[in-house]
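Undergrad: Questions regarding the structure given below will be posed in turn.
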Amino acid sequence: MNVEHLLNVFASTDSKSNDVWDACADFMWHIDRHKPRLVIFGSKVEGLPDYHPSKPRCLVELSKPLFSVGNLRENKRLLVHALDLWKERGVDHQIAGTLTNLSRANNALGLHKEGILQANEAQEIYERLDNPAGQVDSLRALALALVGGGQVDAAEEAASRILDLSSEGPSQSQLCQHYHTLGHIRTAGGDTGAAIRHHEKALEIASSFNLRDERATVLHCLVVTLLENGRFDDARIHVEYLKSDGINNPISLALAVVIQIHDLCQQGRSEEAKSEASRLVGLFERIGASEISADLSEDLFRMIEEGMNTLATDT
């Protein structure tokens, strides 16, 4: 927090300095990796003139924690602005990276066709630049958008291309992302057993090779898949792994609260379960994640009602 306040002061007193804003962008990148949240100088980033050299990068970094905490519309708004600025500058690799992030945002918002188009455009740019790492990133975004759009076979074909991008064989990161993507594809295809096995394989690779970002993402998806299939004990173990890794964001908290609500329902403590549900929904509302808060509210209170009905039947 001391660093953040210091950067805020510098951003106020020396707003024309590229060094200050590069430092702000680096700080936002660090925040997203370790504890996603909004930063106090976000309005100053948006207030920079569009011609400022650091503005597009700062907008992209500012957008990332918004995606991590579920504020998807704000995430998309900032990325659209950044994309326009990168296009004005003609920086192809930044255009492709921003398109990939936009694809993820649109896919999460349910705008799958838009996400597919953006991932394909990013993929074409990365191919032209001969950038295998970028191609992996955009292919994964494409596969997930295709899954969201119900094109499971096309998604599997896109995922398989990830492994063909290195003449020396795929890196461990590429393998991890490949298995993780296959997990999403198998979920969409209704084979949850295979989905869980693929996510577990991705988690094994991420853990063995200390791929911190990949590990957090896989853990989140694995816990969600386990919860959807009623495997609360297994999900609880993986939530503890998230906590031990220091992953502290609203999505991780939501997964932990779902398990807590399940436990409270089993004990017949419905009022406490409702209180926890309301507290979590309120958190997402406060950070502007209205799409998530609405869906979460419906899902959690339905879960409580079903849990209490099951308890009444059993007794």
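Undergrad: Which one of Asn101, Gln123, Leu146 has its Cα pushed farthest toward the positive end of the charge dipole of the range 46-179, where Lys and Arg give +1 and Asp and Glu give -1 at the Cβ?
TA: Of the listed residues, the answer is Asn101.
Undergrad: Output the 0 to 90 degree angle, nearest 10, between the alpha-carbon long axis of helix 132-148 and the longest principal axis computed from the alpha carbons of the chain.
TA: Between the helix axis and the principal axis of the chain, the angle is about 40 degrees.
Undergrad: Describe numerically, in nm with one decimal, the distance between label points set 7 Å from Cα along Cα→Cβ at Gln266 and at Asp299.
TA: 2.0
Undergrad: Under a plain spin-label model, where a point goes 7 Å from the Cα along Cα-to-Cβ, how far apart in nm are Ser173 and Arg73?
TA: 3.4
Undergrad: Tilt of helix 192-208 relative to the longest C-alpha principal axis of the chain, in degrees (0 to 90, nearest 10)?
TA: For helix 192-208, the angle is close to 50 degrees.
Undergrad: I'd like the distance between the alpha-carbon centres of the range 1-63 and the range 207-245, rounded to an integer number of Å.
TA: What the calculation gives is 31 Å, centre to centre.
Undergrad: Given a cut-off of under 8 Å on Cα pairs at least six residues apart, what relative contact order in percent is computed for the range 4-148?
TA: Working: 183 pairs, mean separation 23.8, N = 145.
The normalised contact order for the range 4-148 reaches 16 percent.
Undergrad: Express the Stokes-Einstein translational diffusion coefficient of the range 185-224 in µm² s⁻¹, to the nearest whole number, given a Kirkwood radius over alpha-carbon pairs, 25 °C and a viscosity of 0.890 mPa s.
TA: On the way: Rh = 10.1 Å.
The diffusion coefficient I find is 242 µm²/s.
Undergrad: Could you give the length gained by full extension between Glu157 and Arg231, i.e. 0.36 nm per residue of separation minus their alpha carbon distance, to one decimal place?
TA: Numbers: separation 74, 0.36 × 74 = 26.64 nm, distance 2.99 nm.
Taking Glu157 through Arg231 to full extension adds about 23.6 nm, to one decimal.
Undergrad: Also, quick follow-up: Let me spell out the model: positive unit charges on the Cβ of Lys and Arg, negative unit charges on the Cβ of Asp and Glu, origin at the Cα centre of the range 215-286. What dipole size does that give, in debye rounded to 20? Each step should come with its number before you reach the end.
TA: Values: 8 positive and 10 negative charges, 29 e Å.
In total the dipole reaches around 140 debye.
Undergrad: Here is a follow-up. Within 10 Å of each residue's Cβ, count the other Cβ atoms and sort Ser207, Ser68 from fewest upward. Show your work: numbers first, answer last.
TA: On the way: Ser207 17, Ser68 20.
Ranking Ser207, Ser68 by Cβ neighbours within 10 Å, fewest first, gives Ser207, Ser68.
Undergrad: Using a Gaussian network for the chain with springs between C-alpha atoms less than 10 Å apart, which of these wobbles most: Lys201, Lys55, Lys87?
TA: Lys87
Undergrad: For Ser293, Ser63, Ser244, which order do you get if you count the other beta carbons within 10 Å of each Cβ and list the fewest first? Don't skip to the answer; put the middle values down first.
TA: Details: Ser293 19, Ser63 27, Ser244 8.
Ordered by Cβ neighbours within 10 Å, fewest first: Ser244, Ser293, Ser63.
Undergrad: Here is a further query. Quote the charge dipole size of the chain about the Cα centre in Debye, to the nearest 20; the model charges only the Cβ of Lys and Arg (+1) and of Asp and Glu (-1).
TA: On the way: 31 positive and 46 negative charges, 108 e Å.
Charge dipole of the chain: 520 debye, to the nearest 20.
Undergrad: If you don't mind, another one. Leaving out same-chain residues fewer than 8 places away, which aspartates and glutamates sit with a Cα under 15 Å from that of Lys16?
TA: Glu46, Asp50
Undergrad: Which of the listed residues, Ser290, Leu7, Thr310, is farthest toward the dipole's positive end in the chain, when Lys, Arg count +1 and Asp, Glu count -1 at the beta-carbon?
TA: Leu7
Undergrad: Counting only helical runs of four or more DSSP H residues, what would the 222 nm mean residue ellipticity of the chain come to if each run contributes -39,500 (n - 2.57) and the total is spread over all its residues? Don't jump to the answer; show the numbers that get you there.
TA: Values: 16 runs with 253 residues, N = 315.
One gets -26500 deg cm²/dmol as the mean residue ellipticity at 222 nm.
Undergrad: Report the full-extension gain for the segment Asp245 to Lys87: residue separation times 0.36 nm, less the Cα-Cα distance, to one decimal in nm. All intermediate terms of the calculation are to be shown ahead of the outcome.
TA: Numbers: separation 158, 0.36 × 158 = 56.88 nm, distance 3.76 nm.
Gain in length upon complete extension: 53.1 nm.
Undergrad: Let me check against my output: what whole-number percent is the relative contact order of the range 1-50, with C-alpha pairs under 8 Å and at least 6 apart?
TA: Relative CO of the range 1-50 lands at 43 percent.
Undergrad: Any chance you could get the radius of gyration and Dmax over the Cα atoms of the chain, in Å?
TA: 20.6, 69
Undergrad: Arranged by the count of other C-beta atoms within 10 angstrom, fewest first, what order do Leu62, Leu255 take?
TA: Numbers: Leu62 26, Leu255 21.
The fewest-first ordering by Cβ neighbours comes to Leu255, Leu62.
Undergrad: Still on this structure, I have one more. Listed here are the pairs Lys44/Lys76; Lys76/Lys274; Lys44/Lys243; Lys113/Lys201; which of them are more than 21 Å apart at the Cα? If you can, show how the numbers build up before the last one.
TA: Numbers: Lys44/Lys76 18 Å; Lys76/Lys274 32 Å; Lys44/Lys243 32 Å; Lys113/Lys201 29 Å.
Distance filter (> 21 Å) returns Lys76/Lys274; Lys44/Lys243; Lys113/Lys201.
Undergrad: Mean separation of Cα pairs under 8 Å and 6+ residues apart, divided by the residue count of the chain: what relative contact order is that in percent?
TA: On the way: 410 pairs, mean separation 36.1, N = 315.
About 11 percent, as a whole number.
Undergrad: Related question: With +1 assigned to the C-beta of every Lys and Arg and -1 to the C-beta of every Asp and Glu, and no other charges, what is the dipole magnitude of the range 7-132 about the Cα centre in debye, to the nearest 20?
TA: Working: 16 positive and 17 negative charges, 97 e Å.
Value, rounded to 20: 460 debye.
Just so you know, all these numbers are worked out from the coordinates, no wet-lab data involved. A quick note: this is a predicted structure, and the numbers were derived from the prediction, not measured. Here the Cβ is made from the backbone with ideal geometry for all residues, glycine too, and neighbour counts use every protein chain on show.
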